[in-house]
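The structure appears below as structure tokens.
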Amino acid sequence: MNYQEWLKNKDLEYQNGVLHIAGANTIDLAKKYGTPVYVINERLIRERYKTLKQVLDSENKNNQIHFAVKANTSLSVLKILLSEGAGFDCSSVGEVHTCLKAGAKPEHIIYTGNMFTNDDFKFAVENDVLVNLDSISQLKRLARIHDELGKEKKIISFRINPEFGAGHHVHTITAGKEIKFGILDNQVIEAYLKAKGFGFKQFGTHIHIGSGIINPYDYDKAIDKYLGIIINLADTLDITFEFVDFGGGLGIPYRPEEDPLDLEVYKEIVVKRSKEAIEKMGMEKPAIKVEPGRYLSAEASIILTQINTIKNNGYKLFAGVDAGFNTLIRPTMYGSYHHIISCLQNEDRKEMKYDIAGPICESGDILGKERTLHELQEEEYLAILDSGAYGFIMSSSYNSRPRPAEVLINNGEDMLVREAETYKDLLKSQIIPDHLK
Ligand SMILES: Cc1ncc(COP(=O)(O)O)c(C=O)c1O
């Protein structure tokens with residue numbers, strides 16, 4: 001795929017010398033809303049959802065996509081996905097609460113927590129939200145909380161750790177013996193047997209092997225192992241599963257030289273094989289569930305940031321901007337690559353190599369290292385691409401810098417969907433004790 005196509009695939013295009021997102025002029029947006037600002041493209045979220053849904057439907061219509069809310073909890077994003085028919089994967093009570101507020105029904109939600117507290121369980125059980133357990137030890141407390149609340153023990157699921165993990169960074173690989181998530185092969189029968197013993201009536205299974213998987217063959221071994229485990233489980237305990245969940249992890253092309261994830265191969269490995277395995281188990285019922293976060297929302301958002309400093313220290317050229325790792329932490333936290341482009345089409349200028357540096361008082365606050373860009377000038381604007389997953393949601397107010405606003409583009413119209421924090425917001429939850437007043 002050539003560079004222009006790669007950009008176009010993210011609904012980005014230069015028109016009359018200015019970068020446009022979903023047809024909206026990025027320089028006008030930056031001036032109207034101030035910078036840094038997250039700009040979200042509704043059309044692209046819908047498009048990604050529809051594409052994935054079609055691929056899943058083409059093999060097995062009994063499927064459900066659960067958006068992994070940890071990638072993005074903007075209520076507008078959740079409502080867009082809800083209107084497309086998505087369910088949600090939540091990792092905390094806060095996320096479950098947000099999804100319910102966005103209008104999701106409890107049955108749309110899977111709550112895959114880890115290190116659940118009793119309060120977490122109480123909230124889930126009171127709200128009839130399915131809990132996907134992470135440890136056999138948690139079962140007893142969950143069962144007791146059902147009894148205390150007088151709730152029927154309907155459905156339960158366990159996160160299985162198939163030991164083959166994958167991901168863009170060691171911290172996002174979520175399967176393997178050393179990894180804290182899920183239960184290993186040798187505990188699976190015991191887990192479901194105990195769940196039956198506690199009176200749970202219906203069962204699902206779940207894996208999530210990691211995040212940022214751009215090569216679909218990385219799922220291969222994990223899926224084989226998982227299917228083997230659940231076939232054995234169904235056989236041994238005579239269980240009929242309500243659903244078989246394959247987690248998320250679907251990657252996106254952050255770099256211009258990367259192609260999008262090959263969904264046809266993903267389908268072969270995940271959906272086709274699981275359909276065959278499910279048929280082997282003699283089950284009609286189980287729905288196939290997948291839980292993409294990044295795939296659905298990452299490419300739909302950019303950060304607009306203004307250049308405030310062009311600094312040549314004699315060794316290196318820095319372009320200083322008003323977004324930093326407080327705005328987007330992935331480059332600093334994972335060494336992740338986010339493509340950064342000028343909002344002005346300035347190809348007539350000479351090429352230079354810049355480190356794009358944020359304003360945070362730490363030398364790790366570099367959003368892009370050694371980036372070749374046409375000569376930049378102070379007060380111009382840059383766009384940081386693919387910031388719609390693990391972007392705003394991981395932002396902070398470090399260095400007392402208020403979090404930025406979020407703007408949604410729909411049908412050529414721009415609308416503020418989250419106000420920027422204020423200095424007042426930064427202080428609002430602090431209480432000064434009497435002796436310091
Ligand atoms: C249980 C679970 N499901 C889904 C996801 C979504 O991952 P991604 O955004 O890579 O699709 C995660 C991410 O960590 C997860 O922990």
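Give the residues of the range 254-275 that are touching a His at 6+ places or on another chain (Cβ under 9 Å) and within 16 Å of the ligand (Cβ to nearest atom), sorted by residue number. Steps first, answer last, please.
Step one: list which residues in the range 254-275 are touching a His at 6+ places or on another chain (Cβ under 9 Å), which gives 254-256.
Selection gives Y254 alone.
Restricting to the range 364-402, what's the tally of residues that are farther than 15 Å from I302 by Cα and out of contact with any strand residue (DSSP E or B) (no Cβ under 9 Å at 6 or more places or on another chain)?
Restricting attention to the range 364-402, the residues satisfying the condition of being farther than 15 Å from I302 by Cα are 364-366, 369-380, 396-402.
Of the ones still in play, those that are also out of contact with any strand residue (DSSP E or B) (no Cβ under 9 Å at 6 or more places or on another chain) are 364, 396-402.
Of the residues in the range 364-402, 8 are farther than 15 Å from I302 by Cα and out of contact with any strand residue (DSSP E or B) (no Cβ under 9 Å at 6 or more places or on another chain).
Quick one: which helices (runs of 4 or more DSSP H) lie wholly within the range 159-273 and hold at least 3 residues that are within 23 Å of the chain's Cα centre (by Cα) and either crowded, with 16+ Cβ neighbours inside 10 Å or at pLDDT 95 or above (or both)? Lay out the reasoning, then the answer.
Details: elements: 185-197, 220-237, 263-266.
Fully inside the range 159-273 and qualifying: 220-237, 263-266.
So S387 ticks every box in (1) part of a loop (DSSP other than H, G, I, E, B); (2) surrounded by fewer than 19 Cβ atoms within 10 Å (Cβ to Cβ); (3) at negative phi but one. Which box is left unticked?
So the condition that S387 fails would be (2).
Output the number of the condition that G204 fails; it satisfies all remaining conditions of (1) touching a helix residue (DSSP H, G or I) at 6+ places or on another chain (Cβ under 8 Å); (2) closer than 15 Å to T112 by Cβ.
With (1) touching a helix residue (DSSP H, G or I) at 6+ places or on another chain (Cβ under 8 Å); (2) closer than 15 Å to T112 by Cβ applied to G204, the lone miss is (1).
Can you tell which of I179, I213, I207 is assigned by TED's automatic domain parsing to the domain that holds L142, under 30 Å from Y254 (Cβ atoms) and free of Cβ contacts under 8 Å to residues at least 40 places away in the same chain?
I179
Somewhere in the range 207-220, is a residue closer than 25 Å to D259 by Cα and more than 16 Å from the ligand (Cβ to nearest atom)?
First, pick out the residues of the range 207-220 that are closer than 25 Å to D259 by Cα: 208-220.
Among the residues that remain, those that are also more than 16 Å from the ligand (Cβ to nearest atom) are: 217, 220.
Yes, the range 207-220 has at least one match.
Only one residue in Y38, Y14 is over 13 Å from I303 (Cα atoms) and modelled with pLDDT of 95 or more. Which one?
Details: Y38 fails: over 13 Å from I303 (Cα atoms).
Of Y38, Y14, the one residue that is over 13 Å from I303 (Cα atoms) and modelled with pLDDT of 95 or more is Y14.
Kindly check whether there is at least one residue in the range 238-253 that is out of contact with any strand residue (DSSP E or B) (no Cβ under 9 Å at 6 or more places or on another chain) and within 16 Å of the ligand (Cβ to nearest atom). Walk me through it before giving the result.
We begin by selecting, within the range 238-253, every residue out of contact with any strand residue (DSSP E or B) (no Cβ under 9 Å at 6 or more places or on another chain); these are 238, 252-253.
From what is left, the residues that are within 16 Å of the ligand (Cβ to nearest atom) are 252-253.
Within the range 238-253 (the criterion being out of contact with any strand residue (DSSP E or B) (no Cβ under 9 Å at 6 or more places or on another chain) and within 16 Å of the ligand (Cβ to nearest atom)), the answer is yes, since at least one residue qualifies.
Which is under 19 Å from P253 (Cβ atoms) and more than 16 Å from the ligand (Cβ to nearest atom), of I278, I302, I307? Break it down stepwise before answering.
Numbers: I278 fails: under 19 Å from P253 (Cβ atoms); I307 fails: under 19 Å from P253 (Cβ atoms).
Result of the check over I278, I302, I307: I302.
Within the range 109-140, take every residue that is in a helix (DSSP H, G or I) and in contact (Cβ under 8 Å) with a residue 40 or more places away in the chain and give me the one that is surrounded by the most Cβ atoms within 10 Å (Cβ to Cβ). Lay out the reasoning, then the answer.
Start the filter on the range 109-140 by keeping residues that are in a helix (DSSP H, G or I), which leaves 118-126, 138-140.
Now narrow it down to the ones that are in contact (Cβ under 8 Å) with a residue 40 or more places away in the chain: 139-140.
Values: L139: 21, K140: 11.
Ranking the qualifying residues of the range 109-140, first place goes to L139.
So which of K196, K177 is farther than 15 Å from T112 by Cβ and in contact with a helix residue (DSSP H, G or I) (Cβ under 9 Å, 6 or more places away or on another chain)? I'd like the intermediate steps shown before the answer.
Working: K177 fails: in contact with a helix residue (DSSP H, G or I) (Cβ under 9 Å, 6 or more places away or on another chain).
Just one listed residue meets the conditions, K196.
Report whether or not K225 is at negative phi, of a type in the set (K, R), out of contact with any Ser or Thr (no Cβ under 6 Å at 6 or more places or on another chain) and within 16 Å of the ligand (Cβ to nearest atom). Spell out the reasoning first.
Working: at negative phi: yes; of a type in the set (K, R): yes; out of contact with any Ser or Thr (no Cβ under 6 Å at 6 or more places or on another chain): yes; within 16 Å of the ligand (Cβ to nearest atom): no.
No: the conditions fail for K225.
Looking at (1) part of a strand (DSSP E or B); (2) more than 26 Å from the chain's Cα centre (by Cα); (3) more than 25 Å from I252 (Cα to Cα), can you tell me which one E378 breaks?
Unmet for E378, out of (1) part of a strand (DSSP E or B); (2) more than 26 Å from the chain's Cα centre (by Cα); (3) more than 25 Å from I252 (Cα to Cα): (1).
Just checking, does the range 343-351 include any residue being surrounded by 14 or more Cβ atoms within 10 Å (Cβ to Cβ), out of contact with any helix residue (DSSP H, G or I) (no Cβ under 9 Å at 6 or more places or on another chain) and part of a loop (DSSP other than H, G, I, E, B)? Before you say what the answer is, go through the steps one by one.
Taking the range 343-351 and keeping what is surrounded by 14 or more Cβ atoms within 10 Å (Cβ to Cβ), we get 343-346.
Now restrict to residues that are out of contact with any helix residue (DSSP H, G or I) (no Cβ under 9 Å at 6 or more places or on another chain): 345-346.
From the residues that got through so far, the ones that are part of a loop (DSSP other than H, G, I, E, B) too are 345-346.
For the range 343-351, residues surrounded by 14 or more Cβ atoms within 10 Å (Cβ to Cβ), out of contact with any helix residue (DSSP H, G or I) (no Cβ under 9 Å at 6 or more places or on another chain) and part of a loop (DSSP other than H, G, I, E, B): present.
Test T117 against the stated conditions and say whether it is of a type outside the set (A, V, I, L, M) and either within 15 Å of the ligand (Cβ to nearest atom) or not assigned by TED's automatic domain parsing to the domain that holds L237 (or both).
Values: of a type outside the set (A, V, I, L, M): yes; either within 15 Å of the ligand (Cβ to nearest atom) or not assigned by TED's automatic domain parsing to the domain that holds L237 (or both): no.
It is false that T117 is of a type outside the set (A, V, I, L, M) and either within 15 Å of the ligand (Cβ to nearest atom) or not assigned by TED's automatic domain parsing to the domain that holds L237 (or both).
Considering only the range 390-415, state which residues are buried (at least 19 other Cβ atoms within 10 Å of the Cβ) and not in a strand (DSSP E or B).
Within the range 390-415, Y390, G391, F392, S395, R401, R403, P404 meet the criteria.
Please go through the range 172-206 and give me each residue that is within 15 Å of the ligand (Cβ to nearest atom) and touching a Phe, Trp or Tyr at 6+ places or on another chain (Cβ under 9 Å), ordered by number. Full working, then the answer.
Of the residues in the range 172-206, the ones within 15 Å of the ligand (Cβ to nearest atom) are 172-176, 179-183, 204-206.
Within the range 172-206, T172, T174, A175, G176, G182, I183, G204, T205, H206 qualify.
Which members of the range 49-77 meet the condition of being more than 17 Å from the chain's Cα centre (by Cα) and outside any helix (DSSP H, G or I)?
Across the range 49-77, the qualifying residues are N60, K61, N62, N63.
The values are calculated or read from the model by the stated rules, or taken from the named source; none is laboratory data. All figures in this text were calculated on a predicted structure; none of them were measured in a lab. Positions of Cβ are backbone-derived with ideal geometry, glycine not excepted, and every protein chain shown enters the neighbour counts.
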